[in-house]
Amino acid sequence: MSRAIGSPRLGIRANLAQFSLLVAVNALVGGVLGQERTVLSPLAEQTFHLTGYTFLLTYVLAFGATKAATNYFAGTWSDRFGRKPVLVAGWLIAIPVPLMLIWAPSWGWVVAANVLLGINQGLTWSTTVIMKIDLAGPSRRGLAMGLNEAAGYLAVAVTAVATGYLAARYGLRPAPFLLGLSYVALGLGLSVLVVRETREHARVEAAQHTTRADGRHDHLHSELTNKQVFAHTSVREPALSAASQAGMVNNLNDGLAWGLLPILFTAAGLSVARIGILAALYPAVWGLGQLVTGPLSDRWGRKHLITTGMLVQAAALGLIALADTFTLWAVAAVLLGAGTAMVYPTLLATIGDVAHPAWRARAVGVYRLWRDGGFAVGALLSGIVADLWGIRAAVWVVAAITAASGLIVAARMYETHPRDQRAEPVPLQEKDTP
């Protein structure tokens, strides 16, 4: 099918300037998240004198529940209003977050700031994912998601190290959060002035959409209601639903890493600077690894990378539960990052493979609803178990859940990236949707 004159072209190379800009914007999104990674647990104990692991994890619960819900609406609104307005709205909501963390007179202010942070992350990160999938086209989704998630989580890692240094040198407030404020200002400026709408790229792909040769996608009609999209992504469609549960468990263990592991390291006598290194190692390996695993999934396929990644994460959590030295915890953090790198961009690419372009943004929203709901579930589960039996018991429980999730993927998911589309792009063919 010939492309209409003046219509958008699909592919990373054809849209390199906008694609690169969106990578940079997502790095700023990750930086806003990373401002909390090292500092909030010590702030809770030293400034607000909080006790009880469940109470300490209220900010993770508030963030995760809010972000999960916002992800769903980000997908729906992106289809209805366009991608760019949702992105800009997300940055506007981020403005008060670092200011509230700097001036918070009570822990309730910190929780409220994390509600706004969850809305910000749900709108901005979801939209940059959707926009990159729009631009990249069908054959390089793994690479696109690898670059997107690498930028975001490398920024989390760099910011975790930077805020740990700033906190050690200048105190827990305000210096670490001034860095986050600068990220918000830059992200908002770029999104308003330079980022362009990408919804038309999705429409072009929808008009040229090809279903799989084996007929796997024939039942997924181009026009689905919101209820149907939710049901397919959550339960009915094997690959979509397997991806959703794996994403949820992945962020369940990330919620544990975010909320409880700094407390475990503090109890072992590690300095704030060393805790900052451990907090950064995991997202650094996660971020850098996605530069490899994203494009690798375009060559090897999605399923086996996801299964292996979940099992590697489970092994890393087991090592964290057993270890009691900085060196072993550093090794475990590297393994946890590597396992997450195998999973994170590949799950998003799987959603892009299966979902029709007409409802793909909504499917991404539903997937990210379940995935980031894992933050809230992880905060509650690990907090309750830690209060009852200790932090190490909580780590063991989450390790077992992560291993079980990997086995579910192995049993339920089929390979979603057809072999005839791997490695090299293939021209899109017009095909009527039944």
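Every read-out reported here was derived from the displayed coordinates using simple, explicitly stated rules and does not represent laboratory data. Everything numeric here is computed off the predicted structure, so don't read it as measured data. Reconstructed Cβ throughout: ideal geometry from the backbone, glycine too, with neighbour counts over all protein chains shown.
The figures follow:
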{"item": "Stretch gain in nm, segment Ser182-Ala404, where the contour uses 0.36 nm per residue and the Cα spacing is subtracted", "result": "75.8 nm"}
{"item": "Potential extension, His304-Trp103 segment - 0.36 nm per residue separation minus Cα distance", "result": "67.7 nm"}
{"item": "Positive-end residue, the chain charge dipole about Cα centroid, Cβ charges, pick of Gln121, Thr308, Ala404", "result": "Gln121"}
{"item": "Long-range tail of P(r) for segment 319-395 (Cα pairs > 16 Å, %)", "result": "66"}
{"item": "Residues Val204, Val39, Val285, Val29, sorted so that the one with the fewest Cβ neighbours within 10 Å comes first", "result": "Val204, Val285, Val39, Val29"}
{"item": "P(r) histogram, all alpha-carbon pairs of the chain included - 20 Å bins from 0, percent", "result": "29, 58, 13, 0"}
{"item": "Descending semi-axes in whole angstrom, ellipsoid equivalent of segment 220-277, from the Cα gyration tensor", "result": "41, 9, 8"}
{"item": "222 nm mean residue ellipticity, helices alone, for the chain (DSSP H n ≥ 4; -39,500 (n - 2.57); rounded to 500)", "result": "-25500 deg cm²/dmol"}
{"item": "Convex hull of segment 244-294 built on C-alpha atoms - directionally averaged projected area, nm²", "result": "4.0"}
{"item": "Compactness of segment 1-127, expressed as Rg and Dmax over alpha-carbon positions, Å", "result": "18.2, 66"}
{"item": "Among Tyr170, Ser78, Trp107 - extreme Cα towards positive end, dipole of the chain, charges at beta-carbon", "result": "Ser78"}
{"item": "Kirkwood hydrodynamic radius of segment 259-353, from inverse mean 1/r over distinct Cα pairs, in Å", "result": "13.8"}
{"item": "Residues Ser20, Ser297 arranged by fewest to most Cβ contacts within 10 Å", "result": "Ser20, Ser297"}
{"item": "Whole-Hz couplings from phi, Karplus 6.51/-1.76/1.60, listed for segment 312-325; x for Gly and Pro", "result": "5, 4, 4, 5, 5, 5, x, 5, 4, 5, 7, 6, 8, 10"}
{"item": "Amide proton proximity set for Arg302, modelled H, under 5 Å, gap of 5+", "result": "Thr416, His417"}
{"item": "Point-to-point label distance, Leu328-Ala231, nm (Cα→Cβ direction, 7 Å offset)", "result": "5.0"}
{"item": "Share of alpha-carbon pairs per 5 Å distance bin for segment 79-205, given as whole %", "result": "2, 10, 16, 20, 19, 13, 9, 6, 3, 1, 0"}
{"item": "Neighbour-count ranking [beta-carbon atoms within 10 angstrom, fewest first] of Ile277, Ile351", "result": "Ile277, Ile351"}
